[in-house]
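**Student:** The structure that follows is given in the form of structure tokens.
The values are calculated or read from the model by the stated rules, or taken from the named source; none is laboratory data. Remember, it's a predicted structure, so these values are computed and weren't measured experimentally. FYI the Cβ positions are ideal-geometry reconstructions off the backbone, even for glycines, and counts take in every protein chain you see.
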Amino acid sequence: MSAADLLGRDATAMAEAVRSGAASATALVQASLERVDATDGRVNAFTAVLAERALRRAAQVDASLASSNGARTRELPLLGVPFAVKNLFDIAGLPTLAGSKIEHQTAPARADAALVRRLERAGAVLVGALNMDEYAYGFTTENSHEGPTRNPHDLTRIAGGSSGGSGAAVAAGQVPLTLGSDTNGSIRVPASLCGVFGLKPTFGRLPRTGSFPFVSSLDHLGPFARSARDLALVYDALQGPEDAGHPHDPGCAQRAVEPVSGVLAQGARGLRIGVLGGYFHQRAGAQALAAVDLVADALGSGVSRASVELPLVEAGRAAAFLITNAEGAALHLDDLRRRAHDFEPLSRDRFLAGALLPAAWVARAQRVRRVYAEAVARLFARYDILLAPATPSAATPIGAETFEVNGQVLPVRPNMGLLTQPFSCIGLPVCAVPVWSAHANLPDLPDLPIGVQVIAAPWREDLVLRVAAELEAAGVAHAPVAALNVEKTPA
């Protein structure tokens, strides 16, 4: 199999090909760079391509394989695998843009972000930085500075956000792995709309050192991938306490590595699974609800089909909005005073509104958040896994300001994440798994992907990944590389 053909496989298969000598890391990275060059004019996932760095690193991997260290190098789990990161991760030598023209004037990063270093230590090769909503404040990646990222499965539609480039790059077959961030849903929304797997780990699980913050009390980092086994492989490589001698993230729990790759074969066996209703049923369209039903059916007798209510969910989401607005505004207040015209108008207006929030409201929102977290935690005495739709609908057209959900017309940019926000604000681990309209027996809808959230109690990433792996093995969840048909390219 050629390196170009390998790009259609997952990262696990790519690493095995390099390990066995069937492909070189250099050939694989070169194929990735050529795929980016051939497709990104239409997709617009990348904001920087690091061809020289990537090929130099790939050559180092190949040289190590041929050296006396070859046996040890072959043990690296992501050997020669190309990856890319949302442009809020530090990359040595580049300014960290966080989706904003304002940051073009900042000094280049002196070192790579902690998670970039960890993936390269595992043998992966960084090939570039990816588009996002300005300062991670949005769910569409219609970035007015860099242009919108387009959904590879239909280039007239959004990729989701704020990590839209991260979801689109995997769906387009440019790279098999990416990193993104998730404050209110910014991994799970693009994973849902682009038809890939995405993992938001427990809050504090992975260090955020070397990433541009949005809302420090809510920010998570995590991976996108083409398969559940890839998510597990990457998650294992990203875990662990931070390195001595480097700055530390005070929000990181610094827990020891708890590997999950070895438990995927257990699947959903023995797990108590509930389907969330109420809020999640009322705010999801037919395709989203059909996807959840399909997943529940595939998981069999362990699923309780009685509707499970998430207590205090609307209060929790309201608290998340207040905290997001206030913390985000505080971070950008100096630039809002000096350079308000350089922000995207919608970002600017929301930050300005956040700056006017009374401190008492924000303090109360944090108290509500704690009460909400405690109430949800009690559900996990009865259930190991909860299921919910990831987005209210499949991807909407680029430029659409509103969409309709169960007869209600809502603004797209803040509401594409209304089903993800209730979990990120209390830090639960969630895996978004991709389901397709055709599989959900909805012939009247375009065959676009939509995600289902698999949710567990804190620190139980093993459970959500076990369920994701079972769904993939059953053929219910899958992440094909987009055909990128020319006829769907917008004029």
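**Student:** Kindly provide the set of residues from segment 296-320 that are part of a helix (DSSP H, G or I) and either of a type in the set (D, E, K, R) or under 27 Å from the mean Cα position of the chain (by Cα) (or both), ordered by number. Show your work before the answer.
**Tutor:** Taking segment 296-320 first, the residues part of a helix (DSSP H, G or I) are 296-302, 313-320.
Within segment 296-320, ALA296, ASP297, ALA298, LEU299, VAL313, GLU314, ALA315, GLY316, ARG317, ALA318, ALA319, ALA320 meet the criteria.
**Student:** Further, regarding this structure: Answer yes or no: is there a residue in segment 155-165 that is of a type in the set (D, E, K, R) and over 23 Å from LEU50 (Cβ atoms).
**Tutor:** First pass over segment 155-165, keeping only residues of a type in the set (D, E, K, R): 157.
Subset that is over 23 Å from LEU50 (Cβ atoms): 157.
Yes, that holds for at least one residue.
**Student:** Search segment 334-377 for residues being in contact (Cβ under 8 Å) with a residue 60 or more places away in the chain, hydrophobic (A, V, I, L, M, F, W, C) and touching a His at 6+ places or on another chain (Cβ under 9 Å), and hand back the single one that is nearest to LEU312 (Cα to Cα). Outline the logic, then answer.
**Tutor:** From segment 334-377, those in contact (Cβ under 8 Å) with a residue 60 or more places away in the chain are 335, 339, 342-344, 346-347, 350-351, 366, 372, 375-377; that's our starting set.
Imposing the further condition that a residue be hydrophobic (A, V, I, L, M, F, W, C) reduces the set to 343, 346, 351, 375-377.
Pick out the ones that are also touching a His at 6+ places or on another chain (Cβ under 9 Å) and you get 343, 351.
Values: PHE343: 34, PHE351: 26 Å.
Per the criteria, the residue is PHE351.
**Student:** Is it the case, given these coordinates, that ASP5 is surrounded by fewer than 23 Cβ atoms within 10 Å (Cβ to Cβ) and at pLDDT below 95? I'd like the intermediate steps shown before the answer.
**Tutor:** Working: surrounded by fewer than 23 Cβ atoms within 10 Å (Cβ to Cβ): yes; at pLDDT below 95: yes.
So ASP5 fits the description; yes.
**Student:** Moving to a separate point now. Inside segment 117-134, can you point out the residues that are in a helix (DSSP H, G or I) and either among the acidic types (Asp, Glu) or in contact with a His (Cβ under 7 Å, 6 or more places away or on another chain) (or both)? Lay out the reasoning, then the answer.
**Tutor:** Applying the first criterion (in a helix (DSSP H, G or I)) to segment 117-134 yields 117-121, 134.
Scanning segment 117-134 gives GLU120, GLU134.
**Student:** Same structure, new question: Could you list, in sequence order, all residues of segment 242-270 that are surrounded by 13 or more Cβ atoms within 10 Å (Cβ to Cβ) and among the basic types (Lys, Arg)?
**Tutor:** ARG255
**Student:** Can ALA477 be described as in a helix (DSSP H, G or I), small (Gly, Ala, Ser), closer than 14 Å to GLY267 by Cα and modelled with pLDDT of 95 or more?
**Tutor:** no
**Student:** Sort out which residues of segment 98-116 are in a loop (DSSP other than H, G, I, E, B), crowded, with 22+ Cβ neighbours inside 10 Å and either of a type in the set (A, V, I, L, M) or within 19 Å of the chain's Cα centre (by Cα) (or both), and write them in order of number.
**Tutor:** Step one: list which residues in segment 98-116 are in a loop (DSSP other than H, G, I, E, B), which gives 98-100, 106-108, 110-113.
If we keep only those that are crowded, with 22+ Cβ neighbours inside 10 Å too, we end up with 98-100, 113.
The answer is ALA98, GLY99, ALA113.
**Student:** Filter segment 3-35 down to the residues that are touching a Gly at 6+ places or on another chain (Cβ under 8 Å) and assigned to a loop (DSSP other than H, G, I, E, B), then identify the one that is farthest from VAL81 (Cα to Cα).
**Tutor:** Of everything passing the filter in segment 3-35, GLY8 is farthest from VAL81 (Cα to Cα).
**Student:** Of the numbered conditions (1) in contact with a strand residue (DSSP E or B) (Cβ under 6 Å, 6 or more places away or on another chain); (2) free of Cβ contacts under 8 Å to residues at least 60 places away in the same chain, ALA330 satisfies every one except a single condition; which is it?
**Tutor:** So ALA330 meets the others, but not (1).
**Student:** Pairs please, first residue from segment 35-52 and surrounded by 15 or more Cβ atoms within 10 Å (Cβ to Cβ), second anywhere and at pLDDT below 95 and assigned to a loop (DSSP other than H, G, I, E, B), Cβ atoms under 6 Å, 6+ apart in sequence or on different chains.
**Tutor:** From segment 35-52, the pairs are ARG35/LEU7; THR39/LEU484; ARG42/THR489.
**Student:** Hey, another quick one. Which condition number in (1) over 18 Å from ALA51 (Cα atoms); (2) among the basic types (Lys, Arg); (3) under 16 Å from the mean Cα position of the chain (by Cα) is the one that LYS86 fails?
**Tutor:** Condition (1) is where LYS86 drops out.
**Student:** Here are some conditions: (1) closer than 30 Å to TRP459 by Cβ; (2) assigned to a loop (DSSP other than H, G, I, E, B). LEU357 meets all but one. Which one does it not meet?
**Tutor:** Against the list (1) closer than 30 Å to TRP459 by Cβ; (2) assigned to a loop (DSSP other than H, G, I, E, B), LEU357 comes up short only on (1).
**Student:** Across segment 53-72, what is the total count of residues that are in contact (Cβ under 8 Å) with a residue 40 or more places away in the chain and in contact with a helix residue (DSSP H, G or I) (Cβ under 8 Å, 6 or more places away or on another chain)?
**Tutor:** So the first thing to find is which residues in segment 53-72 are in contact (Cβ under 8 Å) with a residue 40 or more places away in the chain, and the list is 53-54, 57-58, 61, 65.
From the residues that got through so far, the ones that are in contact with a helix residue (DSSP H, G or I) (Cβ under 8 Å, 6 or more places away or on another chain) too are 54, 57-58, 61, 65.
Number satisfying all stated conditions: 5.
**Student:** Among the listed residues GLY277, GLY300, identify the single one that is modelled with pLDDT of 95 or more and of a type outside the set (Val, Ile, Thr). Give the steps one after another, and end with the answer.
**Tutor:** On the way: GLY300 fails: modelled with pLDDT of 95 or more.
Within the list GLY277, GLY300, the selection yields GLY277.
**Student:** State whether one or more residues within segment 389-399 are touching a Lys or Arg at 6+ places or on another chain (Cβ under 6 Å), surrounded by 24 or more Cβ atoms within 10 Å (Cβ to Cβ), among the polar types (S, T, N, Q) and within 13 Å of LEU193 (Cβ to Cβ).
**Tutor:** No, segment 389-399 contains no residue that is touching a Lys or Arg at 6+ places or on another chain (Cβ under 6 Å), surrounded by 24 or more Cβ atoms within 10 Å (Cβ to Cβ), among the polar types (S, T, N, Q) and within 13 Å of LEU193 (Cβ to Cβ).
**Student:** Are any of the residues in segment 265-273 assigned to a strand (DSSP E or B) and touching a helix residue (DSSP H, G or I) at 6+ places or on another chain (Cβ under 6 Å)?
**Tutor:** In the first step, residues of segment 265-273 are kept if they are assigned to a strand (DSSP E or B); the result is 273.
The next check asks that each one be touching a helix residue (DSSP H, G or I) at 6+ places or on another chain (Cβ under 6 Å); those that pass are 273.
Yes: segment 265-273 contains one or more residues that are assigned to a strand (DSSP E or B) and touching a helix residue (DSSP H, G or I) at 6+ places or on another chain (Cβ under 6 Å).
**Student:** Condition check: part of a helix (DSSP H, G or I), under 30 Å from GLU470 (Cα atoms) and either out of contact with any Ser or Thr (no Cβ under 9 Å at 6 or more places or on another chain) or at pLDDT 95 or above (or both). Does VAL371 satisfy that? Write out each step before concluding.
**Tutor:** Values: part of a helix (DSSP H, G or I): yes; under 30 Å from GLU470 (Cα atoms): no; either out of contact with any Ser or Thr (no Cβ under 9 Å at 6 or more places or on another chain) or at pLDDT 95 or above (or both): yes.
Taking the combined requirement at face value, the residue does not satisfy it.
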